[in-house]
1. Run down Ser238, Ser194 and say which single residue is in contact (Cβ under 8 Å) with a residue 24 or more places away in the chain and among the small types (Gly, Ala, Ser).
2. From the residues in region 117-138 that are part of a strand (DSSP E or B) and small (Gly, Ala, Ser), which one is nearest to Tyr179 (Cα to Cα)?
3. From the list Lys306, Lys337, exactly one residue is on the phi > 0 side of the Ramachandran plot and among the charged types (D, E, K, R). Which is it?
4. Quick one: which of Leu165, Leu188, Leu116, Leu155 is in contact with a strand residue (DSSP E or B) (Cβ under 7 Å, 6 or more places away or on another chain) and surrounded by fewer than 14 Cβ atoms within 10 Å (Cβ to Cβ)?
5. Could you check, for region 337-346, whether at least one of its residues is hydroxyl-bearing (Ser, Thr, Tyr), more than 19 Å from the chain's Cα centre (by Cα) and at pLDDT below 90?
6. Given the condition over 28 Å from Ile314 (Cβ atoms) and either surrounded by fewer than 17 Cβ atoms within 10 Å (Cβ to Cβ) or of a type in the set (Val, Ile, Thr) (or both), answer yes or no: does some residue in region 244-263 qualify?
7. Assess whether Thr178 counts as being farther than 30 Å from Tyr294 by Cβ, in contact (Cβ under 8 Å) with a residue 60 or more places away in the chain and surrounded by 14 or more Cβ atoms within 10 Å (Cβ to Cβ).
8. Can you give me the number of residues within region 310-322 that are exposed (fewer than 14 other Cβ atoms within 10 Å of the Cβ) and in contact with a strand residue (DSSP E or B) (Cβ under 7 Å, 6 or more places away or on another chain)?
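The values are calculated or read from the model by the stated rules, or taken from the named source; none is laboratory data. Note that the structure is predicted; figures quoted are calculated from it, not measured. Every residue, glycine as well, gets a Cβ built from its backbone with ideal geometry; the counts of neighbours run over all protein chains shown.
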Amino acid sequence: MTKRRQYKFLFFCTWILFFGLCAQAQVDTTKKRTVEVTSTFKPALHETAKINMNATPPAADTTRPKLQYNLPDQNLLFAYQPGNLKPLAMEIDTGGRWDNNSYIKAGFGSLRTPYLQTGISFGDGKTAGANIYAKHVASQGKKDFQDFSHTDVGLNGFFQTSKNLEWNATVGMRGDQTYKYGYLPESLSFPTDSLKQRFTTWYSRVSFHNLQPTSFGLSYAPEIKVHVFNDNHNNKESNTYINLPLEKTVGKTFAVDLGLTFDLTRYNPSGKVAINNTAYSISPAVLYKTPNIYLQVGVRPTWDNKSPKIYPNIMAEVGTPDKRFYFVAGWIGYLRKTTYEYLASINPWIWAPTTT
């Protein structure tokens, strides 16, 4: 295409465009504008979810459940241990009147066995008092000379002085009678005096002690006991026992104990020379005392007829804070004299000893 033709074509297109714009400008603007929308959409609300009030019941469980129990420890330890309740005897009202109580018991049993026991009290029971005791029992067996009797009468008394002292005294008599029966053959005949065994003991005791320790922390309780023993065969024996304990408190938990003991025996067999049996001992010890612990450590040197021996004197007592349980242990040695009175109390058929 030549350039001339190109210019004509551009001019023609420009003229058409201009003419179109002019025609558009002459359009009537008084007419209302309307918009027609054609659509098939219809608005609707979405269905809301509702709570279902009818729950489905669970299926029945027929298996046995395993229950785990957690029981706490019943033995609990606390810093403070409460005290347990214990029944106690009712205390006597010191502001009221003191009534002395006495009793008497009497009975009779088989084998012609009479029984009698009594106790009589005197005094106010606080600063002074006395008690009288008596007991008698006897029996007769089916065999010859199968008889025995026992009688015991005693008087005990105490008296408090204004000097922080309390005196105690005892005096009494004890008698036992039996026969040597059961010999074989039974056709044998013996004099009654040769079969009879009758023992008589007269006893007495005097002691005193301070109710409260002295200003130096001393506690003392000396005592003396005397027994006079004899039988129906003119055998006699006297036993004298003297004890002099002394304790010194050191501080609040310690104490020093010192005791002197004298045991004197004189036995006089019928028609023979008297026999003396003497023993004495010293008992030094150290004590440790607390509410739950009691400890005693010491020795007891003893001279038996000038023959020296040393015995232990150790004792311990330990308790729980609530005082429900106690553990007691000890190792204590002492000299026990084999006197005629002691042997007769074990075997009433014994022959009187002739030697020590």
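1. Checking each option against the conditions leaves just Ser238.
2. It comes out as Ala138.
3. Checking each option against the conditions leaves just Lys306.
4. Leu165
5. Yes, because at least one residue in region 337-346 is hydroxyl-bearing (Ser, Thr, Tyr), more than 19 Å from the chain's Cα centre (by Cα) and at pLDDT below 90.
6. Checked against the condition, which is being over 28 Å from Ile314 (Cβ atoms) and either surrounded by fewer than 17 Cβ atoms within 10 Å (Cβ to Cβ) or of a type in the set (Val, Ile, Thr) (or both), region 244-263 yields no hits at all.
7. It is true that Thr178 is farther than 30 Å from Tyr294 by Cβ, in contact (Cβ under 8 Å) with a residue 60 or more places away in the chain and surrounded by 14 or more Cβ atoms within 10 Å (Cβ to Cβ).
8. Result for region 310-322: 1.
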